1. Over the chain, give the accessible area per residue in Å² for a 1.4 Å probe, as an integer.
2. In whole percent, and with a 1.4 Å probe on the protein chains, what portion of the accessible area of the chain is carbon and sulfur?
3. Kirkwood Rh and Cα-based Rg: tell me the resulting Rg over Rh for segment 138-228, rounded to two decimals.
4. Rounded if a/c is under 1.5, else prolate if a/b is larger than b/c, else oblate: which is segment 1-79, with a ≥ b ≥ c the root eigenvalues of its Cα gyration tensor?
5. Any idea what % of Cα-Cα pairs in segment 3-234 are farther than 21 Å?
6. Quick one: among Gly93, Gly179, Gly25, which has the greatest mean-square fluctuation in a GNM of the chain with alpha-carbon springs under 10 angstrom?
7. Counting only DSSP beta bridges with both residues in the chain, what percent are antiparallel, rounded to the nearest 5?
8. Where in the chain are the helices, taken as whole DSSP H runs, whose Cα atoms extend 24 angstrom or more along the long axis and whose Kyte-Doolittle mean reaches at least -0.5?
Amino acid sequence: MRTALITGASRGIGHGIAVELARQGFGLTVTSRRDEDLTALAAELTDTGAPGVVPVAADLGDRTALAAVIDRHRQTYATMDALILSGGVGTGGALETLPAHRVDKTIAVNLTSAIAMVQTALPLLRAAAAADREHGARVIALSSITGVHAERGLAVYGASKAALISLMETVNAEESANGVMATAIAPAYVATDMSAWTTDTIPADTMIPVDDVVAVVRMLLEFGATTSLTKVVLSRSGTSGFTA
Ligand SMILES: NC(=O)c1ccc[n+]([C@@H]2O[C@H](COP(=O)([O-])OP(=O)(O)OC[C@H]3O[C@@H](n4cnc5c(N)ncnc54)[C@H](OP(=O)(O)O)[C@@H]3O)[C@@H](O)[C@H]2O)c1
């Protein structure tokens with residue numbers, strides 16, 4: 001049985017990935033902030049076909065809690081085939097006036113959590129890669145097109161997402177010889193709660209559907225261990241291709 005830990009699993013892209021991996025028969029650990037969301041999610045994933053679901057509530061801004069999430073995965077499954085980093089916070093506003101507490105939260109939730117989780121999960125990912133030489137193991141992080149092409153009003157969000165791309169590149173450089181590959185998926189607007197604030201100017205049906213991001217994850221998890229794909233940029237049709 002392959003296993004995956006998914007952050008941001010309660011909603012949006014993370015939820016779509018969790019449902020797909022449940023359908024594929026992965027053993028799952030799912031996390032977001034609220035126990036009640038995760039209890040309902042665990043029932044949904046079990047009904048969909050997951051052979052096991054470990055729900056663990058944690059705030060991505062709390063390093064100690066994140067270590068406990070990975071420890072619960074280790075206790076249940078011993079190894080980890082996929083670490084899916086989808087949890088994140090959207091932060092907009094002109095750089096000049098962005099309050100320090102929002103800067104700190106954005107970096108903590110979107111970036112520091114990813115660094116900490118990769119560091120802690122590496123032994124489990126290496127062990128899974130050693131046990132499944134065909135597929136190896138994968139870290140997949142939800143970055144953003146704003147981490148590739150800067151966008152007004154998204155300075156700190158974009159910076160956190162650019163750093164995630166660099167982090168995935170470095171994981172590949174350091175770990176792919178051990179069978180642990182990493183990918184940053186960098187989409188333009190995806191139709192979820194996070195982008196709901198802008199649907200009056202960018203209708204939801206012109207955004208990237210969650211299912212198309214899920215399709216990228218499915219492809220990555222089908223790849224063999226000799227293939228790395230460091231960055232996947234998804235643009236919205238009808239745009240320059242360089243904008244969220
Ligand atoms: N939607 C887009 O347009 C878009 C485009 C490019 C990239 N992305 C990136 O894709 C990822 C997923 O976005 P989405 O659209 O699926 O967002 P979403 O629908 O708003 O869901 C966000 C998820 O992250 C979790 N989360 C947020 N803050 C958290 C915290 N402090 N601690 C723990 N969990 C937290 C939420 O859990 P709770 O239930 O606890 O809130 C939820 O599960 C994010 O990293 C986002 O930056 C999104």
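The values are calculated or read from the model by the stated rules, or taken from the named source; none is laboratory data. These numbers come from a predicted model, not from an experiment. Glycine also receives a Cβ, built like all others from the backbone with ideal geometry; neighbour counts cover every protein chain displayed. SASA here: full protein model, heavy atoms, side chains in, ligands and nucleic acids out. Shrake-Rupley method; radii C 1.70, N 1.55, O 1.52, S 1.80 Å.
1. With the other protein chains kept in place, the chain gives 44 Å² per residue.
2. Its accessible area is 52 percent carbon and sulfur atoms.
3. In segment 138-228, Rg relative to Rh is 1.03.
4. The shape class here is oblate.
5. Of all Cα-Cα pairs in segment 3-234, 53 percent lie more than 21 Å apart.
6. Comparing Gly93, Gly179, Gly25 in a Gaussian network model of the chain, the most mobile one is Gly93.
7. If we restrict to bridges inside the chain, about 0 percent are antiparallel.
8. 113-131, 155-175
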